[in-house]
1. Over the chain, what lengths in whole Å, largest first, do the semi-axes of the equivalent ellipsoid take, defined as the square roots of 5 times the eigenvalues of the alpha-carbon gyration tensor?
2. What figure, in Å² to the nearest 10, do you get for the accessible area of LEU80 with a 1.4 Å probe and non-protein molecules left out?
3. Counting only protein heavy atoms, what percent of the accessible surface of the chain is carbon or sulfur at a 1.4 Å probe?
4. Find the relative contact order for the chain and round it to a whole percent, using C-alpha pairs within less than 8 Å whose residues are 6+ positions apart.
5. Classify segment 106-257: rounded, prolate or oblate, from the alpha-carbon gyration tensor (a ≥ b ≥ c, eigenvalue square roots; a/c under 1.5 rounded; otherwise prolate if a/b is larger than b/c)?
6. Ordering SER199, SER230, SER38 from largest to smallest accessible area (1.4 angstrom probe), what's the sequence?
7. When ligands, DNA and RNA are left out and all protein chains stay put, how many square angstrom of accessible area per residue does segment 46-196 have with a 1.4 Å probe?
8. Given springs between every Cα pair under 10 Å in a Gaussian network model of the chain, which of ALA48, ALA152, ALA13 has the largest fluctuation?
Amino acid sequence: MDSGIGLLPAAAAVRRLRPDADLVLSSDPDGMPWGPRSPQDLTVRALAVAEAAAAQRPDALIVGCNTASVHALPALRARLEPDLPVIGTVPAIKPAAAGGGPVAIWATPATTGSPYQRGLIREFADGVSVTEVPCPGLAEAVERADDTAINAAVAAAAALTPGDVRAVVLGCTHYELVVERIRAALQRPGQPPLVLHGSAGAVAAQALRRIGERPVPEAFAEPTLTVILSGREAELPPRALTYEEGRFLQAVSPAGR
């Protein structure tokens, strides 16, 4: 679940680990964006999106959204667990800091500087140089698949990122859809390759662990893909297919099969 197509990276990661997994993608295009909403309003919408997914009787629910994980995860777990394991998305600050830094964290303006993110920095990046970089408009531009707006937002965030940064944490799942554009904007000539840290792979692996399964990337099956948009069953929206992850999901498990 996510507010929008930010769930695609985690869904594609699950599909690569378990090609036989049936997937339900539940999002809230009617309520986008969630970032500017109050925590209370966001939680109400997140619960509705989660319950639409839960009605399909899944084995686990991935909250493929950093903002919802920050504000709504306790409410989601209180409503759905223990019957339905709920897996939140945490920015990959710990593995990024393990390299010694300097590190930049790209996140939405609402998350940047938040007590939640500052707590993760204190816990996992103590002694490492960390720069928090707000990325206004980037998630919304990715959601709209607006190339001009994406490029402008990436360029603005890159201008705020110190030149000596060696690792970048992608603190919003939408950003993982444009990871190569971010890399191209940040990589300096003659410098070692930047390491960009998303959360999709770790979240997918944790979901499998929570339900007692393991990766079987060679598994053969004809899995299903169910798409729910603000409670209505639908197909992947056209903007999702502008990204590699969306095209991959549709190619290996067309909606309605």
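The values are calculated or read from the model by the stated rules, or taken from the named source; none is laboratory data. Owing to the predicted nature of the structure, the values given are computational and were not obtained by experimental measurement. Heavy atoms of the whole protein, side chains included, go into the accessibility calculation; ligands, DNA and RNA do not. Shrake-Rupley method; radii C 1.70, N 1.55, O 1.52, S 1.80 Å.
1. One finds semi-axes of 28, 20, 19 Å for the chain.
2. Here the residue's solvent-accessible area equals roughly 20 Å².
3. 54
4. 29
5. prolate
6. Output order, biggest surface exposure first: SER38, SER230, SER199.
7. Each residue of segment 46-196 exposes 43 Å² on average to a 1.4 Å probe.
8. Of ALA48, ALA152, ALA13, the Gaussian network model singles out ALA152 as fluctuating most.
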